[in-house]
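These notes concern the structure reproduced below.
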Amino acid sequence: MTRPRLDGDRIILPGIASTHSHAFQRALRARTQRRSGARGSFWSWRGLMYELARQVTPEDVFDLSRFAFVELAACGVTAVGEFHYLHHQPDGTPYDDRLALSDAVIAAARDAGLRITLLRVHYERAGRDAPPVGAQRRFSDADVASTLRDIEALSARHAGDDGVRVGVAAHSVRAVQRSSLGVLAGAARAHRMPMHAHVSEQRREIRECLAEHGLRPVELLAEEAVLDGRFVAVHATHLRPHEARLLGQARAFASVCRTTERDLGDGLPDVHALRREGARICLGTDSHAVSCPFEESRAIELDERTRAEARHVAADADALLSAMGADGYEAIGWDGRETDDEVHLDALDPALVGTSASPEGLADAVVWGASPRAVRTVRVAGRTIVEDGRHVREAEARRGYLAALRRLGIG
Ligand SMILES: [Zn+2]
């Protein structure tokens, strides 16, 4: 853990990683939150997300993603893990260049100056004995070999860019059959890549997994030898104590995405249990309902306090800084030598002013008090991408974003 340090009127932090992002979903902010008739759920939100996913072109994906990444950078993020599942044309036919949409997202992140790990998602079905339907056809591949070829092709194509990594992802135990899970994990190990999967975000997924396999999702992942120090369980929400132990024994990560989990009514992961068992924690801005890494980090502890009706439950400021920084970087395949990534906060920001200059005082000030308003400068690989609180590409990215919304008929 690298603590913040004070330099004049700046508080200087190492780089910050958002380990779980679906950048195109930025377009859903303030378009899916309003009540429409009956009570909403994750599944009703998913229907709205699918409507957007069904329509977007490669140009739309670039424009929506670039603006999401520009905003993320302006909020202090330097590296993003993009859990990318939009691959094919609306009828499921691959583009002439199978990597067109992955490349659009990578280009968007690089244009915004962020490091990106493109987590190429394997998706093959709507559920047990259920072929993909509607928007899911854009996500799906007939076999795991096609996905692995794309992962290798993406790695080769971007080998010359030090700001790009590629990783493996299984969408979830709902969308990927049992026999494919171990194959994907084996490929991740062979290529020394991270492997991510959505895990137990919703209780329905657990019921379906039990009905199909007689196992809960983490039990299934353990049986298929998926769990290790490269594995990132995204959400890890509805776990039994022994499932937290399985993740902990493997030194796996849990990517906690509290602002999205709150927005979608997902439930509360037991971060205290996960950390006690040895699992590592990182954070993600997921649907970009909110883009603030400081809010993501403190929510991990504050939401635990609400559940426990106690203070100091899951993680202190040092642990949350590690989740934002070094652990987050490792979870998306960076090695911790990215020391030329920096985030500078204004020590005179009203939320930070008067902070103790001790290392503990600065850590507490950042985690419990900082907001994107305090972000002055962001550097990635030594290049300044945010200056005086504004992203250097903001105006152009905003124009592209608004044009994409108009093309989609929602601008
Ligand atoms: Zn997700």
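All of the numbers you see were taken from the coordinates with simple rules; none came from a lab. None of the values given here were measured: they were computed from a predicted structure. Neighbour counts are summed over all protein chains in view; Cβ atoms, including those assigned to glycine, are modelled from backbone coordinates with ideal geometry.
Of note:
- Single match in 175, 188 (criterion: more than 26 Å from residue 267 (Cβ to Cβ) and among the small types (Gly, Ala, Ser)): 188
- If you check 96, 103 for being in a loop (DSSP other than H, G, I, E, B) and either free of Cβ contacts under 8 Å to residues at least 40 places away in the same chain or among the acidic types (Asp, Glu) (or both), only one passes: 96.
- Evaluation of residue 147 against (1) more than 17 Å from residue 53 (Cα to Cα); (2) touching a residue at least 40 places away in the same chain (Cβ under 8 Å) (one fails), failing number: (2)
- For residue 244: the one exception among (1) within 21 Å of residue 42 (Cα to Cα); (2) away from the ligand (no atom under 16 Å from the Cβ); (3) buried (at least 23 other Cβ atoms within 10 Å of the Cβ): (1)
- Across region 193-218, the number of residues qualifying as within 23 Å of the chain's Cα centre (by Cα), over 19 Å from residue 274 (Cβ atoms) and in a helix (DSSP H, G or I) comes to 1.
- Hits in region 153-185 - residues which are assigned to a helix (DSSP H, G or I) and either touching a residue at least 24 places away in the same chain (Cβ under 8 Å) or closer than 20 Å to residue 208 by Cα (or both): 153, 154, 155, 157, 178, 179, 180, 181, 182, 183, 184, 185
- Looking only at residues in region 200-217 that are within 23 Å of residue 119 (Cα to Cα) and in contact (Cβ under 8 Å) with a residue 40 or more places away in the chain, the one that is farthest from the ligand (Cβ to nearest atom) is 217.
- Tally, over region 19-66, of residues that are under 20 Å from residue 118 (Cβ atoms), among the β-branched types (Val, Ile, Thr) and either in a helix (DSSP H, G or I) or within 16 Å of the ligand (Cβ to nearest atom) (or both): 2
- Among (1) hydrophobic (A, V, I, L, M, F, W, C); (2) more than 14 Å from the ligand (Cβ to nearest atom); (3) in contact with a strand residue (DSSP E or B) (Cβ under 7 Å, 6 or more places away or on another chain) - the single one residue 227 does not satisfy: (3)
- Taking region 231-306 and the strands (runs of 3 or more DSSP E) fully enclosed by it, the elements with 1 or more residues that are farther than 15 Å from residue 198 by Cβ are at 280-283.
- First in region 381-406 and farther than 14 Å from residue 72 by Cα, second anywhere and small (Gly, Ala, Ser), Cβ under 7 Å, 6 or more apart: 381/163; 383/113; 402/411; 405/27; 405/411
- Hey, residue 320 within 22 Å of residue 367 (Cα to Cα), buried (at least 24 other Cβ atoms within 10 Å of the Cβ), away from the ligand (no atom under 16 Å from the Cβ) and not basic (Lys, Arg) or not: yes
- Every pair of residues 6+ apart whose Cβ atoms lie under 6 Å, when the first sits in region 255-267 and is over 16 Å from residue 280 (Cβ atoms) while the second is within 10 Å of the ligand (Cβ to nearest atom): 260/286; 260/287; 266/201
- Scanning region 256-310 for residues that are among the acidic types (Asp, Glu) and either under 19 Å from residue 321 (Cα atoms) or within 16 Å of the ligand (Cβ to nearest atom) (or both) yields 261, 263, 266, 270, 286, 295, 296, 301, 303, 304.
Conditions tested, residue by residue: (1) more than 21 Å from the chain's Cα centre (by Cα); (2) farther than 25 Å from residue 323 by Cα; (3) surrounded by 21 or more Cβ atoms within 10 Å (Cβ to Cβ); (4) among the small types (Gly, Ala, Ser).
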{"site": "14", "(1), (2), (3), (4)": "no, no, yes, no"}
{"site": "33", "(1), (2), (3), (4)": "no, yes, no, no"}
{"site": "46", "(1), (2), (3), (4)": "no, yes, no, no"}
{"site": "59", "(1), (2), (3), (4)": "yes, yes, no, no"}
{"site": "96", "(1), (2), (3), (4)": "yes, yes, no, no"}
{"site": "109", "(1), (2), (3), (4)": "no, no, yes, yes"}
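Yes/no matrix, rows are residues, columns are (1) assigned to a strand (DSSP E or B); (2) of a type outside the set (Gly, Ala, Ser):
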{"residue": "343", "(1), (2)": "yes, yes"}
{"residue": "361", "(1), (2)": "no, no"}
{"residue": "366", "(1), (2)": "no, yes"}
{"residue": "373", "(1), (2)": "no, yes"}
{"residue": "379", "(1), (2)": "yes, yes"}
{"residue": "403", "(1), (2)": "no, no"}
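One line per residue, one yes/no per condition, for (1) crowded, with 22+ Cβ neighbours inside 10 Å; (2) farther than 21 Å from residue 138 by Cβ; (3) in contact with a helix residue (DSSP H, G or I) (Cβ under 9 Å, 6 or more places away or on another chain); (4) β-branched (Val, Ile, Thr):
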{"site": "171", "(1), (2), (3), (4)": "no, no, yes, no"}
{"site": "175", "(1), (2), (3), (4)": "yes, no, yes, no"}
{"site": "179", "(1), (2), (3), (4)": "no, yes, yes, no"}
{"site": "186", "(1), (2), (3), (4)": "no, yes, no, no"}
{"site": "190", "(1), (2), (3), (4)": "no, yes, no, no"}
{"site": "195", "(1), (2), (3), (4)": "yes, yes, yes, no"}
{"site": "198", "(1), (2), (3), (4)": "yes, no, yes, no"}
{"site": "201", "(1), (2), (3), (4)": "yes, no, yes, no"}
